[in-house]
Amino acid sequence: PEWEPLSPEIVEDEAIRGDFMLRCAVILLALLVGCRQIVETTTLLHVKTGKYLAAHGYWPPANDVFTSTATEHRWVNLSWLWDLVSSGAFAIGEGIGLSLLTAILVALTWWMLAKTSRDNVSTWWGSVVGAGTLLASNTHFSGQPETVTLLGMAMLLWRLHAWRQSQRESDQPLVATETVQTEIVRPVSLWPLVPMFALWSNLDSRMFLGLFALLLWGIGETLGNGSGRGSLVGSRRKQFWTVFAACVGASLLNPLGWHSLAAPIVLYGSEYPALRSYVGLAPTPDELRAFPLWTSAVWTLWTLPFLSGLCVL
């Protein structure tokens, strides 16, 4: 092509194309990182549990059926639906199906993260940080229900961002002339979050992280109204807290009821302390999740996920 002088419009077009390609590269990287061989014992336990549920009526049993010394103990299996899904996927190609399912969920998660961005703002920095979070959390991509929680968090944040953005755009006056026509903004609803939490509570016990993030977002927006920075004004404040209450109620729609809300007490009060006592001061990289940052054991394993997490923070 013939030479043409550099102009702000050309630079802007190149920047937009560059941002698009960088976002696509991160999503493709997420797909590749998420596609891995399933060898973890915990994952195989979920698969085995799913096979048992499929052979015994699909409903989670009340007591532990796999531990010979705990058959009389209550078994709170909040990821029973993921067990069924993972066992069905694992049966395809002796694990290949579950590996592909995990890769798709991971790619969808980082695709939702790429969608969560402000209008008319370059997204290259978000893509860079997204790649860092991908490297920091890649140890979770092993066909376990934590992958569902990562996707649920990304979908939750995107929905909140889109809802707030649609409110700001709808508040702007419409301008229409013979040459310029302003497109009417379609409102975004928060109500799809309710069935999402109902499904989420049956897939992973960490669903409470979504409720906690939703609560913090609402408190932040409510307090922001005092300084003119919030978006929860008038009827929208009432709508948000109504949806939040409905999400809390929807999270109870599982075979174990209120145990879905008690999951953080069990996780941080029982499971993680027991795991720390079991592994001592020599945890594996996958077991670091049970240790807080201020313990010495965390700073002895300078792995790539740990370094990536520090850089993102």
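For the range 65-86, give me the residue count where each residue is closer than 14 Å to Leu256 by Cα and more than 26 Å from the chain's Cα centre (by Cα).
1
Output the residues belonging to the range 193-232 that are surrounded by fewer than 16 Cβ atoms within 10 Å (Cβ to Cβ) and aromatic (Phe, Trp, Tyr).
Selection gives Phe212 alone.
For the range 254-270: of the residues being assigned to a helix (DSSP H, G or I) and in contact (Cβ under 8 Å) with a residue 12 or more places away in the chain, which is most open to solvent (accessible area, probe 1.4 Å)?
Val266
Taking Arg17 as the residue in question, decide whether it is open to solvent by 60 Å² or more (accessible area, probe 1.4 Å), under 30 Å from Ala131 (Cα atoms), basic (Lys, Arg) and part of a loop (DSSP other than H, G, I, E, B).
no
Can you run down the residue pairs with Cβ atoms below 6 Å, 6 or more apart or on separate chains, where the first is in the range 91-118 and within 12 Å of Ile38 (Cα to Cα) and the partner is part of a helix (DSSP H, G or I) and aliphatic (A, V, I, L, M)?
Gly97/Ala89; Leu98/Ala89; Leu101/Ala89; Ala103/Leu31
Which numbered condition in (1) within 24 Å of Glu287 (Cα to Cα); (2) open to solvent by 60 Å² or more (accessible area, probe 1.4 Å); (3) part of a loop (DSSP other than H, G, I, E, B) is the only one that Ile38 fails?
(2)
Take the range 233-253 and flag every residue that is open to solvent by less than 50 Å² (accessible area, probe 1.4 Å) and part of a helix (DSSP H, G or I). Explain how you work it out, then say what you get.
Initially, the range 233-253 is screened for residues open to solvent by less than 50 Å² (accessible area, probe 1.4 Å), giving 236, 240, 243-244, 246-251.
Once the filter is applied, which keeps residues that are open to solvent by less than 50 Å² (accessible area, probe 1.4 Å) and part of a helix (DSSP H, G or I), the range 233-253 yields Arg236, Phe240, Val243, Phe244, Ala246, Cys247, Val248, Gly249, Ala250.
Determine if the range 299-306 includes at least one residue that is outside any helix (DSSP H, G or I), at pLDDT below 85 and farther than 29 Å from Ala136 by Cα.
No, the range 299-306 contains no residue that is outside any helix (DSSP H, G or I), at pLDDT below 85 and farther than 29 Å from Ala136 by Cα.
Which condition number in (1) under 20 Å from Asn254 (Cα atoms); (2) open to solvent by less than 60 Å² (accessible area, probe 1.4 Å); (3) of a type outside the set (Asp, Glu); (4) out of contact with any strand residue (DSSP E or B) (no Cβ under 9 Å at 6 or more places or on another chain) is the one that Ala89 fails?
(1)
Name the residues in the range 122-165 that are closer than 30 Å to Gly234 by Cα, aliphatic (A, V, I, L, M) and either under 12 Å from the mean Cα position of the chain (by Cα) or modelled with pLDDT of 95 or more (or both), would you?
Passing the criteria: Met153, Ala154, Met155, Leu156, Leu157.
Tally time: how many residues in the range 101-134 are under 18 Å from Gln165 (Cα atoms) and of a type in the set (A, V, I, L, M, F, W, C)?
Selection size over the range 101-134: 4.
Would you be able to tell me the number of residues in the range 45-64 that are open to solvent by less than 60 Å² (accessible area, probe 1.4 Å) and assigned to a loop (DSSP other than H, G, I, E, B)?
5
Among the numbered criteria (1) out of contact with any Leu (no Cβ under 8 Å at 6 or more places or on another chain); (2) assigned to a helix (DSSP H, G or I); (3) of a type in the set (A, V, I, L, M, F, W, C); (4) under 27 Å from Asp204 (Cα atoms), which single criterion is violated by Leu293?
Result: Leu293 fails condition (2) only.
Go through the range 271-290 and report how many residues are charged (D, E, K, R) and either in contact (Cβ under 8 Å) with a residue 24 or more places away in the chain or not in a helix (DSSP H, G or I) (or both).
Qualifying residue count, the range 271-290: 1.
Being assigned to a helix (DSSP H, G or I), open to solvent by less than 50 Å² (accessible area, probe 1.4 Å) and either closer than 30 Å to Lys51 by Cβ or in contact (Cβ under 8 Å) with a residue 40 or more places away in the chain (or both): is that true of Trp82 here?
Yes; evaluated as a whole, the condition is true for this residue.
The values are calculated or read from the model by the stated rules, or taken from the named source; none is laboratory data. Since the structure is predicted, the reported quantities are computational estimates derived from the model, not experimental observations. All Cβ positions, glycine included, derive from the backbone under ideal geometry; neighbour counts span all protein chains shown. Note: areas computed on protein heavy atoms with side chains; ligands, DNA, RNA excluded. Shrake-Rupley method; radii C 1.70, N 1.55, O 1.52, S 1.80 Å.
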